[in-house]
1. Of everything in region A:238-276, what is closer than 22 Å to residue A:221 by Cβ, among the aliphatic types (A, V, I, L, M) and in contact (Cβ under 8 Å) with a residue 60 or more places away in the chain? Give them in sequence order.
2. Please find, among A:68, A:107, the residue that is under 14 Å from residue A:45 (Cα atoms) and either touching a Cys at 6+ places or on another chain (Cβ under 9 Å) or of a type in the set (A, V, I, L, M) (or both).
3. For region A:191-206, what are the residues that are surrounded by fewer than 21 Cβ atoms within 10 Å (Cβ to Cβ) and either touching a Pro at 6+ places or on another chain (Cβ under 9 Å) or among the β-branched types (Val, Ile, Thr) (or both)?
4. Can we say residue A:76 is at pLDDT 95 or above and either touching a strand residue (DSSP E or B) at 6+ places or on another chain (Cβ under 8 Å) or under 30 Å from residue A:201 (Cα atoms) (or both)?
5. Would you confirm whether any residue within region B:301-314 is within 29 Å of residue B:92 (Cα to Cα) and within 22 Å of the chain's Cα centre (by Cα)?
6. Exactly one of (1) surrounded by fewer than 17 Cβ atoms within 10 Å (Cβ to Cβ); (2) in a loop (DSSP other than H, G, I, E, B); (3) in contact with an Asp or Glu (Cβ under 9 Å, 6 or more places away or on another chain) is unmet by residue B:126. Its number?
7. Among the listed residues B:431, B:386, B:438, which satisfies the condition of being closer than 21 Å to residue B:332 by Cα, among the basic types (Lys, Arg) and within 21 Å of the chain's Cα centre (by Cα)?
8. Take the residues in region A:232-244 that are assigned to a strand (DSSP E or B) and buried (at least 20 other Cβ atoms within 10 Å of the Cβ); name whichever of them is farthest from the chain's Cα centre (by Cα).
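The values are calculated or read from the model by the stated rules, or taken from the named source; none is laboratory data. Just so it is clear, the structure is predicted and the values come from calculations on it, not from any experiment. So basically every Cβ, Gly included, is an ideal-geometry build from the backbone, and we count neighbours across all protein chains shown.
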Amino acid sequence: MNSFIMNRRWMPRLLTLAALAITTMPGALFAQAPPAYTMVGRIPGPANLIEIDGSRGYLVGGKTLTVLDLSNPAAPQKLGSYSFPEKIWGIRVVGQTVYCAADFYGLGIVDVSNPKSPSLRGSIKLPGQAKNVALVGTTALVADHMSGLDIIDVSNAAKPIKKESFFLEGYARDVASIGSMAYAIDAPAGLYTFDLSKQGPVEPVASEQSARAPASIELSKGLAVLVGGGMLQVYDLSKPMAPVKGPTLKTPSGQPVRATLLGSRVFVADRRDGLQVVDLSTPSAPSFLPGFKSPQPARDVAATDQYVYLVVGAAGEDEGEVLVLKRS
Amino acid sequence: MRRAALLTCGLLLAISGISAQQAQWPQFRGPNAGVIPDDPALPDTWSETQNIVWKTPIPGLGWSSPIVWDDHIFLTTAISDANEKPPAPGLYDEHDHVKAAGPQRWVVYDVEFNTGRIRWQRELKHGLPPLLRHVKNSYASETAVTDGERVYVYFGTIGLITALDFKGNVVWSKEITPLNTQVELGTGSSPALYKDRLIVVHDNATQSEIMALDKTTGKEIWRIDRDETGNWSTPLVWENDVRTEIITTGTRRVRSYDLDGKLLWELRGMSSLTIPSPFSKFGLVYISSGYPGGELRPVYAVRPGARGDISLKEGETSNEYIAWHQPFLGTYNTSALVYGNYYYTLLDRGFLMCHDARTGKQIYGRQRISPESGGYTASPWAYNGRIFLLSEDGDTFVVQAGPEYKIIGKNTLDQMPLATPAVLRGSIIMRTQSNLYRIARQGRP
């Protein structure tokens, strides 16, 4: 049984978003004609995380980053890979560069301009486990398990320089950015908003208690979704410096692990239910669309207009695979 | 007559000088929860090449703290037959639950205080540990305790409690069932001594209990079940104006027992993992826990004489028995320090905070000790107006005590330490991953 918890402050914004969504996006139609998914391919693992950037895919399996050619989405090809000495917890792709948060190794910057032979351009060791990274211009923000949020100057990728850090009360879990704004989360419950266009030491412009134990954050224009603690927590970012808490959603099994946002649609990797899809085009009435029940627990998900790449695996960093699902 | 008076005066001064020194260090954090009487002979600076009286390699891995009685330094270790993955500093997740690579030998060491020579070592057991542990924990993390006649050791991982005399002979030994703590992190609660009794808290995910043993025979005097899932905190026998009671902290409840094991009071509202040990000062007992990933990280200062459930009700910050409370001041591994009028909090991720010990009012907020320093597990200690903060990188930062935060020194050793040092007789006895040091001003014998 899905449950939606509504915040009263959210209602006027939801109505605006709903009107926008209905007039500008076809998403609302999906509720009437929900898409289903057919598996059209597989990418062998090990596989833990996946990101898509144009016709390229970036697959993380344990300590290894692999570049994929997705020009034929149903038949991805592995091009090249780069391995770190430690586990990769999160990546961000910016053009021909992949920024990797690699546990105690720190931040690794990988040049993928030659996808058949990715190479390390630079790295910096950080105090704790690097859990994920976001980029604002030439500044990398790393969610660091020990120090909170580390601010790294990567203008010279060969020699990243740590400028400062901001302590997060709990364990830093994830960080994401959009424009000059960055949003960091920690467990058990913090959401911190940073405006990198401001001069001076990095300080949050807003912070608040959020979903229980969020593990990851995903952004799209005007929306943020936090995943963790058995639920999805939606935020309205129409005022980027003042996120407004929106609906709290539970997947049927209550085991969402990661998600990705494509417009107003949230694709959720759920440990028990596989792919879950939530339509937020009418945010006041979020609806679950048909998903895809995977044979193994889902770990991560990436999506394009036509395809969904669902990372699945039972246990262990050394296994797992990606299911290529086509929207029918 | 005048000469006799002078002699008497000199003798008194000499006695006074001696008694001002910490003479023995019989338990985890010593007799005063890390506060050492001022002693100008104690060192302020040291390094691998400065003020090291001796350095003795200790095989295996053990995060138990050294204890000292006269010329005996006791410590425990677990020596693996295989190559174990070394511990890494810092706080981390998904590196938990390591299994021993091979059988271990659980060994007690007696090291000479004056020379660093190993006087004896006694192997108590050899075999595969039945429990998993956190990669940063060891199979010998419980600190021994001594009454000057025997040394009492507890290895929670194998459920072994043993008393040895000062020659290394086993006086008695008792086995209890080793059981996993929640999320299989290993064990770490040290035993406590009070008069004729040895108090052992055996909290785990299956059958938690506290027991009082006759220290001369090991015979069980009483044993009480506890509704807990695993804690790493050392019990405190609190002699206060009202009575003597046994304070145990725990994730589900803080509990106080009388000396016969009868429950006196309890308190809800702790963190999801409870490690810091309770201690007393100013007639209060200080209780805390603070898993960084948990929703609660409380500190409570509790008055004596409580009965029943003294938990704070919603919206309360104090009550008849809770003098003050801070909801987010608790630490994960380190225990706090009360020195002078101040309550110092050493956050595991490298910050120091200061509060009024009597009221809980903040004196200064979070101060980053060093941008370069990693984690902190050893508890802070203090003497001569200085507070000492030992990082997992081997750096000891020296901070001036008082209402203003100021770092006044940094002393570096080469290895990772997690154990809290013993400080007495002008010396610091510091344990790192594989060495034991005696640190003292150069020129001391």
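1. A:241, A:244, A:249, listed by residue number.
2. Among A:68, A:107, only A:68 is under 14 Å from residue A:45 (Cα atoms) and either touching a Cys at 6+ places or on another chain (Cβ under 9 Å) or of a type in the set (A, V, I, L, M) (or both).
3. Residues satisfying the conditions are A:193, A:195, A:202, A:205, A:206.
4. no
5. No: zero hits.
6. (2)
7. B:431
8. A:236
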